[in-house]
Every structure is written in structure tokens, then in C-alpha cells.
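Colleague: Just passing along the structure, written as C-alpha cells.
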Amino acid sequence: MTGVGERPQEKVGPLELTAFLCELAMLGLLVLAGIAVMDSLLGRVLVAIALPAAAAWIWSVWMAPTSRRRLTNPSRLYAQVVLFAVVGLIVGWALGWLVGVAFFVVSAGVFAERYRRELRTT
């Protein structure tokens, strides 16, 4: 039973765990990309902090389950795919295109499947 204003507890399975790992991978890859694109130590530190911070802010405002401004689906899925594409491009440019494409394909696929399953349960 949930109280007023509380969200029902979501089931956590392998797909939800994989989605969470994709979110963590996004942040970690952005740190590595930030380190790779700059020559100076200060530049590396600043970009390695700024890139994942920007992605985390975007995610927390419009996509996080506890956000007050969380987008509804399918808009949330579209925003997630766009964010994954941008991160894939940044990672591809900084670390190699295979890494960027692999991140995008896996992340977009996982979140598309979550959306598909959400549609089946409603």
C-alpha cells in the first residue's frame, strides 16, 4: 500500500538492472571521453566532471523515476534515445566509434524494450 503522493514500488528484474548499468556506463564513458579529449590536466578534470554532470542533470530532471517533471512515454523514450545518441557520438569521437555505437545500440535497445513492456502492462 502506498501513501498519498508516493509511487508504487516498481519490480526490479534483469532488464531494470541492465538499464541501470546503461545509465552508469553513460556516466563512466563520459568521464573517459572527457579525459581523452583534453591535453591539459585542468582541462581533463573540468571536462571529465562537466560531461557526466550535464548528462546526470538532464536525466534527473526529465527521466528519473522520482522526478517531478518526468516526461511521460513515449516522449521519455525519445529523449532517452536522443541522449544516448549524443553520448554515443561524444564517446565515438573521443574513444572510438565502435565503443560509441555499441553504447548507443545496447542502451537504446534496453530502454525501448522497457517501454514495450510498459505498454503491455497498461
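Just so you know, all these numbers are worked out from the coordinates, no wet-lab data involved. Note that this is a predicted model, so its numbers are computed, not measured. Every residue, glycine as well, gets a Cβ built from its backbone with ideal geometry; the counts of neighbours run over all protein chains shown.
Colleague: Which one, ALA55, VAL99, VAL37, is farthest towards the positive end of the dipole of the range 14-121 when Lys and Arg carry +1 and Asp and Glu -1 on their Cβ?
Modeller: ALA55
Colleague: Only helical DSSP H runs with n ≥ 4 go in: add -39500 (n - 2.57) per run for the chain, normalise by residue count and round the 222 nm mean residue ellipticity to 500 deg cm²/dmol.
Modeller: -26500 deg cm²/dmol
Colleague: Quick one: helix 14-37 against the long Cα principal axis of the chain, what's the angle to the nearest 10°, folded into 0 to 90?
Modeller: On a 0 to 90 degree scale, this one is about 20.
Colleague: Can you give the charge dipole size of the chain about its Cα centre, rounded to the nearest 20 debye, using +1 on the beta carbon of Lys and Arg and -1 on the beta carbon of Asp and Glu?
Modeller: Values: 11 positive and 7 negative charges, 75 e Å.
The calculated dipole for the chain is roughly 360 debye.
Colleague: Over the range 14-121, what is the relative contact order in whole percent, taking alpha-carbon pairs under 8 Å and six or more residues apart?
Modeller: 28 percent.
Colleague: Just round it to a whole percent: the fraction of Cα-Cα distances in the chain exceeding 24 Å.
Modeller: Summing the P(r) of the chain above 24 Å gives 32 percent of all pairs.
Colleague: Next up: To test your reading of the geometry: what angle, between 0 and 90 degrees and rounded to tens, separates the Cα axis of helix 97-121 from the longest principal axis of the chain?
Modeller: Result, in degrees: 10.
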